[in-house]
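Student: Just dropping this structure here.
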Amino acid sequence: MTLRLTQEGAADTMANTIHYDEIRRMLAARRRELQNQVHSNLRDARTDASANARHRVESGETTEVHPEDDLAFALIQIKSQVLNRIDEAMRRLDEGTYGYCGECDEPISTARLRALPFAVRCKECEEMREFSEQRERARPEWRLS
């Protein structure tokens, strides 16, 4: 089950067909959802930060950062990164390169694209990349031993 986008935007597969418009709608809907969440989280973070600052001033606390603030900021960052990936997927759709692995140029499976519509690598290449990253992170530990 692989995806091939034609000039007209149709996707040819053996068992499934994903149409260009369906993918674009799915990505656009996910993008709107994430944008709303990011805006809401930013609004909440500003409100919380303001309330926390008033509380610290009133109570004489000098603590600058709370773990909840760090977590909220990390979640906003993750959602922003996903938004960037969605924008990139939409660009690849427009260019006609969507659905092909950026490493091996083979089609990405339809099932993978349905689950992760902004995937840039096929499952095999993604697994190899993750394995390489894990090995790189482990190397400093080997040197210290």
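The numbers here are math on the coordinates, done by the rules we state, and not lab data. If you're wondering where the values come from, they're calculated on a predicted model, not measured in any experiment. Note that each Cβ is placed from the backbone with ideal geometry, even for glycine, and that neighbours are counted across all protein chains shown.
Student: In the neighborhood of Val82, defined by Cβ-to-Cβ distances under 12 Å, what is the net charge if each Lys or Arg adds +1 and each Asp or Glu adds -1?
Tutor: Local charge sum for Val82: +1.
Student: Based on the mean of other beta carbon atoms within 10 Å per residue, what is the order of 33-41, 131-139, most packed first?
Tutor: 33-41, 131-139
Student: Now a separate question. Using the basic label-point model (7 angstrom from Cα toward the beta carbon), what is the Asp21 to Cys104 distance in nanometres?
Tutor: 3.4 nm
Student: Whose amide H sits under 5 Å from the amide H of Ser109, counting only residues 5 or more places off or on another chain, with H placed in the peptide plane?
Tutor: Amide H neighbours of Ser109, under 5 Å, 5+ apart: Lys123.
Student: Using a Förster distance of 25 Å, how high is the FRET efficiency between Ser132 and Leu75, based on the Cβ-Cβ distance and rounded to 0.05?
Tutor: For Ser132 and Leu75, the calculated efficiency is 0.35.
Student: Around Asn36, what is the net charge, scoring Lys/Arg as +1 and Asp/Glu as -1 over all other residues with Cβ under 14 Å from its Cβ?
Tutor: Spelling it out: positives minus negatives among the neighbours equals +3.
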